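One structure below.
A short reminder: the numbers here are calculations on the coordinates, not readings from a lab. Since the structure is predicted, the reported quantities are computational estimates derived from the model, not experimental observations. Backbone-built Cβ (ideal geometry, glycine too); neighbour counts: all protein chains shown.
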Ligand code: PAF
């Protein structure tokens, strides 16, 4: 039967037993409102480790906008039901006080350029909060492997940076983004879209695909501008960014940078759809 652990003490006791039995741990951190993308991470974790722990915690420290935190979808009972039908063994659902006791002081993480581009510059403090909660969970759970979705591509880079900075011996496994039939990247935030906006939201990936198929730099820049204008013209849409950047350094595309490193470029998008912030990314084939 699935174990539900609601504080650090329960978690520690439970993990002690598992370790005594020599089981390897796979960890899937989430903020709940689970969808098939999350469940695919659980499946991947089960294929690669003996015991899968999923955390459900809406981390206040990674929200730079209090309204966004308040409106973030929550559905703990629905999440537990979903996890009961998957390969998950334990669910960790701590309270804010448990994760951040009154004497907790959030450390500063030197994440370098990751904080100056795309999600880093658009959401000041966001990655510091992500690193803080994950350091805590990684220390408390000490899994062999942790699983993350590539929809949050820059977040995966932040997590790799965190384990490098803190020398945490955990393998970070990045898993492909799951999409709805019309191409929209699965996200907990999609639940907040009304049917009209939900239908229109598919345009994001359609435009990204057009950009990804450009054959020359000139074409790419033209299509990118056209897509940006088109997305901004849709009622209720506002483009925060639609940028091509290097998948490793996250530096923005320029002719020079492309010539020095012709592969590993991705298109990154953050689009406000009726006040709901959706992000996505995909590889581009330019130079190929
Ligand atoms: O991707 C998320 O849901 C969150 O950023 C994470 C990794 C669970 C940390 O709170």
Fill in the blank from the handout: In degrees, nearest 10, the alpha-carbon axis of helix 8-20 is tilted away from the dominant principal axis of the alpha carbons of the chain by 80
Problem - Per-q log10 I(q)/I(0), the range 44-140, q = 0.12, 0.13, 0.21, 0.23 Å⁻¹ (Debye; single scatterer per alpha-carbon; no solvent) - result: -0.50, -0.59, -1.19, -1.24
Practice task
Mind pulling the angle between the C-alpha long axis of helix 36-48 and the longest principal axis of the chain? Nearest 10 degrees, somewhere in 0 to 90.
Solution key: 60
Completion exercise
At 25 °C in a medium of viscosity 0.890 mPa s, the range 86-173 has a Stokes-Einstein diffusion coefficient, with Rh taken as the Kirkwood radius over alpha carbon pairs, in µm² per second, of 174
Practice task
Once you have all Cα-Cα distances for the range 147-213, histogram them in 5 Å bins from zero and send the whole-percent values.
Solution key: 4, 14, 19, 19, 15, 12, 8, 7, 2, 0
Problem - Quotient of C-alpha Rg and 2.2 N^0.38 Å, computed over the chain - result: 1.03
Practice task
Given the options 99, 133, 156, state which has the largest fluctuation in a GNM of the chain using a 10 Å cut-off (strictly under) for Cα springs.
Solution key: 99
Practice task
Post the alpha-carbon centroid distance, the range 165-225 to the range 41-87, in whole angstrom.
Solution key: 20
Fill in the blank from the handout: Per GNM of the chain with C-alpha springs under 10 angstrom, the most fluctuating residue out of 48, 232, 21 is 21
Exercise for the section: Select from 41, 193, 278 the residue whose mean-square fluctuation is largest in a Gaussian network model of the chain (Cα-Cα springs shorter than 10 Å). Expected result: 193
Fill in the blank from the handout: A chain fully extended from residue 167 to residue 64 at 0.36 nm per residue, minus the present Cα-Cα distance, gains in nm 34.4 nm
Fill in the blank from the handout: Volume per residue (Å³) of the convex hull spanned by the alpha carbons of the range 76-117 is 157
Problem - Rounded to 5, percent antiparallel among DSSP beta bridges of the chain - result: 50
Handout entry: Taking the convex hull of Cα positions in the range 1-99, its mean projected area over all directions (nm²)
Key = 6.5
Handout entry: More than 14 angstrom apart: percent of Cα pairs within the range 214-266
Key = 56
Exercise for the section: Take every Cα pair under 8 Å in the chain that's 6+ residues apart, average their separations, divide by the length, and report that relative contact order as a whole percent. Expected result: 17
Practice task
Could you calculate the FRET efficiency of residue 194 with residue 20 from 1/(1 + (r/R0)^6), where r is the beta carbon distance between them and R0 is 45 Å, rounded to 0.05?
Solution key: 0.35
Problem - Rel. contact order, % - alpha carbon contacts under 8 angstrom, at least six apart, the range 223-283 - result: 32
Handout entry: MRE, 222 nm, helices only [DSSP H, n ≥ 4, -39500 (n - 2.57), over the chain, to nearest 500]
Key = -12500 deg cm²/dmol
Practice task
Quick one: angle between helix 126-141 and the longest Cα principal axis of the chain, in degrees between 0 and 90, rounded to 10, please.
Solution key: 30
Handout entry: Semi-axis lengths (Å, descending) of the ellipsoid that matches the C-alpha gyration tensor of the range 180-287
Key = 26, 13, 11
